[in-house]
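Right, one structure below, let's go through it.
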Amino acid sequence: MDLRLETDVDLTSLNSFGVPARARALVRVRTPRQVRQLVDHPDLGVRPKLVLGGGSNTLFVKHPESMVVKVEIPGISVVRDDTAATVIDVGAGVGWHALVAWTLDHGLPGLENLACIPGTVGAAPVQNIGAYGLELADRVESVDAVDLTTGRLVTLDAGACRFGYRDSLFKQALAGKSIITSVRLRLPKPWTPVLGYADLARHFARIGVAAPDARQIFDAVCEIRRAKLPDPAVLGNAGSFFKNPVVNRTIRNEILEDFPEIVSYPLEDGNFKLAAAWLIDACGWKGRALGRAAVDAHHALVLVNRGGASGAEIVTLADAVREAVRSKFGISLEFEPFVV
Ligand code: NAP
């Protein structure tokens, strides 16, 4: 199928914040071949490109000047199934939550902790999505991407993706230089539940289930997230707006002296992850609004569009929150969404 260029496209419904923006040009790609055609195209190939999946990690503060490439590559298939694991290949345009539901419907556990995360499969490796003690990197076998300079399809194994905490090569050296077309996920056998997070443990203690199966974990994660996080269809948001900061032991101990109740978690490398939501709440920003943008009343990590906010208003709020945390704790919070 030929590529079709759409012009002057309203992006309001294509970003989960629901902020207004218009694309001068937008192309939808439904196969890896179309992505390659786009790169090789004599006119479109040379234009700067902005890749959009589910729009749940992008905040538009102005109309994008780049051509928007909406990745809609479908397909889920089992490519290998042996005693050690089942490996599935998933098109970048598949919705992440729909994929998690599909795996469970097909008796393939291993992704249940990542239920209800908005966005597409292609966006998942970019920031190495994670929740409830599991991150995408734990399940990636390899990622296919088209190099935007050469038009070549390359396969990067998990090591080459340089996954870090909500980070990857696609967010660093390859930012804006490639389009992910599919992801291969390895679901190890035998399945082992990941139940370390307190919310999950509390949930199963409350309902009296000692050894939950994957479906029960999926249902629990959905229930907990729906109770805690605003639905973007009702209140525009992009999930967590700030990354949890990672600090070394010295800094963590200094903060602990002044704020003994601070929430922190030791990491394997000796550093500590601080709960950004706790820092924001401690600065009194939970539930506060600046104009039409607000810090969610239930979850301080989530910034919401209360209706009609622009991307710039949301960034103004985010900067105010960041400044409050910096002046109280000396820590600079990083944004999770990509600001365009
Ligand atoms: P929570 O359970 O209230 O915990 C607050 C923070 O402490 C989380 O960010 C989590 O870090 C960390 N934490 C909690 N228990 C931990 C443990 N046993 N070991 C290490 N770190 C621990 O968090 P929440 O905000 O309700 O979110 C629950 C999960 O969903 C988290 O994993 C969170 O990352 C994920 N989530 C992600 C998004 C997003 O848009 N990226 C949005 C909402 C929730 P981690 O974030 O590193 O897990």
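The values are calculated or read from the model by the stated rules, or taken from the named source; none is laboratory data. Keep in mind that this is a model prediction, so the values were computed, not measured. Positions of Cβ are generated from backbone atoms using ideal geometry, with glycine treated the same way; all protein chains shown enter the neighbour counts. Just so you know, the surface numbers come from the protein's heavy atoms only, side chains and all, with ligands and any DNA or RNA stripped out. Shrake-Rupley method; radii C 1.70, N 1.55, O 1.52, S 1.80 Å.
Taking 279, 290, 317 as the candidate residues, the one with maximal mean-square fluctuation in a Gaussian network model of the chain, Cα springs under 10 Å, is 290.
For the chain, taking Cα atoms only, Rg and Dmax work out to 20.4, 63 Å respectively.
Using the Cβ atoms and a cut-off under 12 Å, what net charge is assigned to the surroundings of residue 291, where Lys and Arg are +1 and Asp and Glu are -1? Overall, the nearby charge balance is +2. According to the Cα-based calculation, Rg over Rh for region 76-188 is 0.95, with Rh computed by the Kirkwood formula. For residue 80, neighbours were defined as the other residues whose beta-carbon sits under 13 Å from its Cβ, and their charges (Lys and Arg +1, Asp and Glu -1) total -1.
Surface composition of region 236-339: carbon and sulfur make up 47 percent of the accessible area, probe 1.4 Å.
Say R0 is 41 Å: what FRET efficiency, to the nearest 0.05, do residue 150 and residue 7 get from their beta-carbon distance? The calculated FRET efficiency here is 0.90.
Leaving out ligands and nucleic acids, note down the accessible area per residue over region 265-312 with a 1.4 angstrom probe, in whole Å².
Spelled out: the 1.4 Å probe surface of region 265-312, per residue, equals 45 Å².
Charge tally for residue 129 (other residues, Cβ to Cβ under 14 Å; Lys, Arg +1; Asp, Glu -1): 0.
For the options 191, 285, 96, a Gaussian network treatment of the chain with springs between C-alpha atoms closer than 10 Å singles out 191 as fluctuating the most.
Rounded to the nearest 20, the size of the Cβ-charge dipole of region 234-283 about its Cα centre is 200 debye, with Lys and Arg at +1 and Asp and Glu at -1. Close amide H pairs (under 5 Å, H built 1.01 Å from N) link residue 85 with 189, residues at least 5 positions away or on another chain. Distant-in-sequence amide contacts of residue 59, defined by a placed amide H-H separation under 5 Å and a gap of 5 or more residues or a different chain, comprise 338, 339, 340. For the chain, with the dipole built from +1 on Lys and Arg beta-carbon atoms and -1 on Asp and Glu ones, taken about the Cα centre, which of 69, 168, 280 lies farthest toward the positive end? Positive-end residue among those listed: 69. For region 236-339, the spread of Cα coordinates along the three principal axes comes to 43, 24, 21 Å, biggest extent given first.
Quickly estimate the mean residue ellipticity at 222 nm for the chain, helices only: each DSSP H run with n ≥ 4 gives -39500 (n - 2.57), and the total goes over all residues, rounded to 500. Numbers along the way, then the final one.
Values: 7 runs with 80 residues, N = 340.
When only DSSP H runs of four or more count, the value is -7000 deg cm²/dmol.
Could you order peptides 18-30, 200-212 by the average number of other Cβ atoms within 10 Å of their residues, highest first?
Going by the mean number of other Cβ atoms within 10 Å, highest first, we get 18-30, 200-212.
Protein heavy-atom surface of region 76-188, 1.4 angstrom probe: 51% of the accessible area is carbon and sulfur, with nucleic acids and ligands not counted. Here region 5-71 is assigned +1 on the Cβ of each Lys and Arg and -1 on the Cβ of each Asp and Glu. Its dipole about the Cα centre then comes out at about 180 debye.
Ranked highest first by average number of other Cβ atoms within 10 Å, how do 260-273, 302-315 line up? Mind dumping the intermediate values first?
Numbers: 260-273: 12.4, 302-315: 20.7.
Top of the packing list down: 302-315, 260-273.
Remark on region 5-71: ratio of C-alpha radius of gyration to 2.2 N^0.38 Å is 1.07.
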